[in-house]
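Asker: Take this structure, written in structure tokens, and hold onto it; I'll ask about it next.
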Number of protein chains: 2
Amino acid sequence: MEGSGHGPSHPLSGFPEWLPAQRIVEKRAIEIISRTFELHGFASVATRAVEPLRELLRKGETSKEVYVLQRLHADPGAAAGDDDLGLHFDLTVPFARYVLEHAGHLTFPFKRYQVQPVWRGERPQDGRFREFYQADIDIVGDGELPAHYEVDVPLVAAEALTALAEIGLPPVRVLVNNRVVADAYYRGIGLPDVPGVLQAVDKLAKIGPDGVGALLRSELGADDDQVAACLALADLSGGVEVVEQVRALAARYGVTGPEAVDLEVGLASLTALLVQAETRAPGVVVADLSIARGLDYYTGAVYETVLVGHEKLGSICSGGRYDSLATDGSRTFPGVGISIGLSRVLSRLFSAGLVTASRSVPTAVLVAVTDEDSRAASDAVATRLRARGIPCDVAPAAAKFGKQIRFADRRGIPFVWFPGADGEADAVKDIRSGEQVEADADVWTPPEADLWPRAVPTTTDA
Amino acid sequence: MEGSGHGPSHPLSGFPEWLPAQRIVEKRAIEIISRTFELHGFASVATRAVEPLRELLRKGETSKEVYVLQRLHADPGAAAGDDDLGLHFDLTVPFARYVLEHAGHLTFPFKRYQVQPVWRGERPQDGRFREFYQADIDIVGDGELPAHYEVDVPLVAAEALTALAEIGLPPVRVLVNNRVVADAYYRGIGLPDVPGVLQAVDKLAKIGPDGVGALLRSELGADDDQVAACLALADLSGGVEVVEQVRALAARYGVTGPEAVDLEVGLASLTALLVQAETRAPGVVVADLSIARGLDYYTGAVYETVLVGHEKLGSICSGGRYDSLATDGSRTFPGVGISIGLSRVLSRLFSAGLVTASRSVPTAVLVAVTDEDSRAASDAVATRLRARGIPCDVAPAAAKFGKQIRFADRRGIPFVWFPGADGEADAVKDIRSGEQVEADADVWTPPEADLWPRAVPTTTDA
């Protein structure tokens, strides 16, 4: 009989895996996020893990390193082509394909959420995740999509993240910008390669204003005035007052004509987002004109989200509006969506010690076994407790009670149940306080706080 | 702006994907199964999707076609070796690796459950699933594992499957056998290649007794008596009375000496399983001496499970005991586990029309919008309802109320809320009955049955 390992395994870099107590936190986080999404009417969707390579590579996303699949026992003569599959690198591409494939069975506007792993074939030495969970929402219309959804999406995401305070997550701030504003402004100052400018500005946090300036000069031929105009725009952040500041900059740097008209369209949209967000969730949404988002398919609002006090972590939740999420040639589906980097959030919660699980198992009660001949009596107690929704386990062996209590203690199980011998009453012991009381398995219930394991903010009391 | 599809997509054979209403059923099934596992003290574990190829191929499972990963942009000069990864084809191999890798942080016996997709590179034309969800439980010990867990595991799985009656699943029957019995019996009648015999017997349902007999003759050199002995054993099924029938067959076909002693060990274990199961869950567990399980790592109890009335579907839940789930050379971890074929179960529920979701969205209430200028008032109603845990959505546009009601109706949303104009009271309409009542968003609550979408058995009333 051969075992499945010949030596101690080593963790695979980039593929995070949680211990049972951490998994309790992860499950709770997914529950909280999913419930928030469902309260807002988003339907759950799960897509397959694989897509045809032609779908994955359609947007030329060569920077997202795709994992390609090959059957180990592929027929040597089999044609490749249609059957070339890769793992999805985000949840947007598979959702766009899902919408097209099932459009006849969906009702629009269609609001969906999706919590699944994604894979990116990063170089292992980069120390980046190669498998991680995302939690996405998108709203997609058939032909048209009302602008008010650009307000809903970041607010729903912020509500979900704010609800994670229950498990120790610090507050979040959603940073918003608008592609129409950026597009009109850059064209208006004489830089028509808007995607190029956005890619340069997107590097601001990494290479600083001087670096971005140098890039704009070398890659786009920008002059001093244009560089100053770009950096001045990227420097703006705050409440709805930024709208007036953008206007002032546009006037100073000579944005006129059709670009000035387009700029007003974008600013109206940005104003509506900021005003409505401030009414519905004061202090959560902030304008930040440096938000560029590298991807070229956004056409309206764009979002990034920082964890207050952990800004260096980068955005934990990003997205935006796109006029064409998917199209089959005759129908076009515009959308707006946002993606929570669930693994990134959890990883920070764990590494910063912000969250603690109350135990490592679901079990609230360990039923002790007096001797192996009476195991059936202990099983019967467990059955009665479970019938009333109390998670319990029966001791693995009829060891000394001290050892059985240690079994519970090592897992954080709060209660040990002792079946009474020969008509005596049963007893249950809270092994934290040592308090023991007589109990009836059809009646006794643990305190609500002990019934299921909980994930709670780590207390920092001395 | 390029969309992500140029023509209608075609479903990818072998990768099932559910519509939103079906996904509600799937989510509910996972909830029910997970809750049962947790009530029995199983901790949730999620492993990464990939394993090193050397782990996946260790047991020579060439019949499980492995999907190998390749980075699209792999460095041409990069060494392969350690970095060769494949998608897991079951949840047992990754769990064994998880146990070895994290043994220092786990407490044994360790009970875990795991609900995740697995991948098998089947030939597409076989019409078999290439991606599907399994729901596994395993109990693993450090060095030793008490025999009573061989009783717990099939009963917990049966309890989970029985609870799925809530969503229309027919009753299940767990068929059990014991490898020690089979091993002693086959050796005792003079067929020492036990794995070979098991592989032949495993084909009984597919090729019939004559086919199995022919295989035993051609592959293992069995004579008429030996073939008769094998087929007679495989023909036994029922309650604990089969134990005596096995003894009679063993006597008739000349099982003596050490094999007779081993047989009694196996029969004692089978008896204990049947007797205890009958006490704890009458009628669920049945002995079936034809259950072979192709895999050679089982060493004690083995299980298969059929859906009553859908026996042709094959086993929906299989597993067994293995003395060495994992080993690092110095420590050995025995285990017992079982795996529910969740996608297989759901696929049958859908194709047989056994289950119906009460609606396709989480939304219980659609808040109507009188005109776009008063959208904020509708948003405010929705916020008050959500604060009390009522899932709701706001109409996408201030269309005529008839159109807004049809929006709700097409999704199965039971209630439409009309904000009152100018100090008038709000009203809520049950669009199924047409009944409309005055309502306050801080007080009104839908009936419990309407609060969240439900998955229920399809009623077949005329």
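The values are calculated or read from the model by the stated rules, or taken from the named source; none is laboratory data. Model, not experiment: these values are computed from the prediction. Here the Cβ positions follow ideal geometry from the backbone for every residue, glycine too, while neighbour counts run over all protein chains shown.
Asker: Do we find that B:Ala184 is assigned to a helix (DSSP H, G or I) and at pLDDT below 95 in this structure?
Answerer: Here the answer is no, as B:Ala184 does not meet what is asked.
Asker: Separate question: Of the conditions (1) modelled with pLDDT under 95; (2) farther than 30 Å from B:Pro396 by Cβ, A:Arg58 satisfies every one except a single condition; which number is it?
Answerer: Unmet for A:Arg58, out of (1) modelled with pLDDT under 95; (2) farther than 30 Å from B:Pro396 by Cβ: (2).
Asker: Just a yes or no: is a residue in the range A:236-255 free of Cβ contacts under 8 Å to residues at least 24 places away in the same chain, assigned to a helix (DSSP H, G or I), among the small types (Gly, Ala, Ser) and surrounded by fewer than 19 Cβ atoms within 10 Å (Cβ to Cβ)?
Answerer: yes
Asker: Count, please, the residues in the range B:448-462 that happen to be closer than 25 Å to A:Glu38 by Cα and either among the hydrophobic types (A, V, I, L, M, F, W, C) or surrounded by 10 or more Cβ atoms within 10 Å (Cβ to Cβ) (or both).
Answerer: Summing the residues that are closer than 25 Å to A:Glu38 by Cα and either among the hydrophobic types (A, V, I, L, M, F, W, C) or surrounded by 10 or more Cβ atoms within 10 Å (Cβ to Cβ) (or both) in the range B:448-462 gives 10.
Asker: I'm trying to understand the selection: among the residues of the range B:99-142, which are within 9 Å of chain A (Cβ to nearest Cβ), more than 18 Å from B:Ser347 (Cα to Cα) and part of a helix (DSSP H, G or I)?
Answerer: B:Val99, B:Leu100, B:Glu101, B:His102, B:Ala103, B:His105
Asker: A:Ala287 - would you say it is surrounded by 15 or more Cβ atoms within 10 Å (Cβ to Cβ), part of a strand (DSSP E or B), away from every other protein chain (no Cβ under 14 Å) and touching a residue at least 12 places away in the same chain (Cβ under 8 Å)?
Answerer: Yes: the conditions hold for A:Ala287.
Asker: Among (1) assigned to a helix (DSSP H, G or I); (2) away from chain A (no Cβ under 13 Å), which single condition is B:Phe407 missing?
Answerer: Tallying (1) assigned to a helix (DSSP H, G or I); (2) away from chain A (no Cβ under 13 Å), B:Phe407 fails exactly one: (2).
Asker: I would also like to ask the following. Quick one: count up the residues across the range A:357-374 that are of a type outside the set (D, E, K, R) and either surrounded by fewer than 17 Cβ atoms within 10 Å (Cβ to Cβ) or free of Cβ contacts under 8 Å to residues at least 24 places away in the same chain (or both).
Answerer: The total comes to 2.
Asker: Can you find, within the range A:143-155, the residue that is nearest to A:Leu175 (Cα to Cα) among those that are surrounded by 19 or more Cβ atoms within 10 Å (Cβ to Cβ) and more than 10 Å from chain B (Cβ to nearest Cβ)?
Answerer: A:Pro154
Asker: Also, I was wondering about something else. Is it fair to say B:Ala268 is assigned by TED's automatic domain parsing to the domain that holds B:Ile207 and either part of a loop (DSSP other than H, G, I, E, B) or farther than 19 Å from B:Asp202 by Cβ (or both)? Walk me through it before giving the result.
Answerer: On the way: assigned by TED's automatic domain parsing to the domain that holds B:Ile207: yes; either part of a loop (DSSP other than H, G, I, E, B) or farther than 19 Å from B:Asp202 by Cβ (or both): yes.
In short, yes.
Asker: Going through A:Ala395, A:Ala439 one at a time, which residue ends up being within 14 Å of another protein chain (Cβ to nearest Cβ), surrounded by 19 or more Cβ atoms within 10 Å (Cβ to Cβ) and either more than 21 Å from B:Glu144 (Cβ to Cβ) or in contact with a helix residue (DSSP H, G or I) (Cβ under 8 Å, 6 or more places away or on another chain) (or both)?
Answerer: Answer to the check: A:Ala395.
Yes or no, residue by residue, for (1) crowded, with 24+ Cβ neighbours inside 10 Å; (2) within 14 Å of chain A (Cβ to nearest Cβ); (3) out of contact with any His (no Cβ under 9 Å at 6 or more places or on another chain):
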{"position": "B:Arg321", "(1), (2), (3)": "yes, yes, yes"}
{"position": "B:Ala326", "(1), (2), (3)": "yes, yes, yes"}
{"position": "B:Gly329", "(1), (2), (3)": "no, yes, no"}
{"position": "B:Gly337", "(1), (2), (3)": "yes, yes, yes"}
{"position": "B:Phe350", "(1), (2), (3)": "no, yes, yes"}
{"position": "B:Gly353", "(1), (2), (3)": "no, no, yes"}
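Asker: Within the range B:292-346, can you find the residues that are in a strand (DSSP E or B) and over 17 Å from B:Leu145 (Cα atoms)?
Answerer: B:Tyr303, B:Glu304, B:Thr305, B:Val306, B:Leu307, B:Cys317, B:Ser318, B:Ser339, B:Ile340
Asker: May I pose another question? Can you find, within the range B:84-126, the residue that is farthest from A:Gly121 (Cα to Cα) among those that are under 16 Å from the mean Cα position of the chain (by Cα) and of a type in the set (Ser, Thr, Tyr)?
Answerer: B:Tyr113
Asker: Given the options B:Gly353, B:Gly402, name the one that is small (Gly, Ala, Ser), within 30 Å of B:Glu311 (Cα to Cα) and not in a strand (DSSP E or B).
Answerer: Just one listed residue meets the conditions, B:Gly353.
Asker: Considering every residue within the range B:147-154, establish whether at least one is among the aliphatic types (A, V, I, L, M), within 29 Å of B:Asp328 (Cα to Cα) and assigned to a helix (DSSP H, G or I).
Answerer: Keep residues of the range B:147-154 that are among the aliphatic types (A, V, I, L, M), which gives B:147, B:151, B:153.
Subsequent filtering for residues that are within 29 Å of B:Asp328 (Cα to Cα) retains B:147, B:151, B:153.
Going one step further and asking which of them are assigned to a helix (DSSP H, G or I), we end up with B:151, B:153.
Checked against the condition, which is being among the aliphatic types (A, V, I, L, M), within 29 Å of B:Asp328 (Cα to Cα) and assigned to a helix (DSSP H, G or I), the range B:147-154 yields at least one hit.
Asker: Here is a further query. Criterion first (more than 21 Å from A:Leu106 (Cα to Cα), crowded, with 19+ Cβ neighbours inside 10 Å and touching a helix residue (DSSP H, G or I) at 6+ places or on another chain (Cβ under 8 Å)) does B:Leu342 satisfy it?
Answerer: yes
Asker: In the list B:Pro282, B:Pro258, which residue meets the criterion of being within 14 Å of chain A (Cβ to nearest Cβ) and surrounded by fewer than 22 Cβ atoms within 10 Å (Cβ to Cβ)? Show your work before the answer.
Answerer: Details: B:Pro258 fails: within 14 Å of chain A (Cβ to nearest Cβ).
Going through B:Pro282, B:Pro258 in turn, just one is within 14 Å of chain A (Cβ to nearest Cβ) and surrounded by fewer than 22 Cβ atoms within 10 Å (Cβ to Cβ): B:Pro282.
Asker: Given the conditions (1) at pLDDT below 95; (2) farther than 19 Å from B:Tyr298 by Cβ; (3) surrounded by 15 or more Cβ atoms within 10 Å (Cβ to Cβ), and given that B:Lys206 satisfies all but one, which numbered condition is not satisfied?
Answerer: (3)
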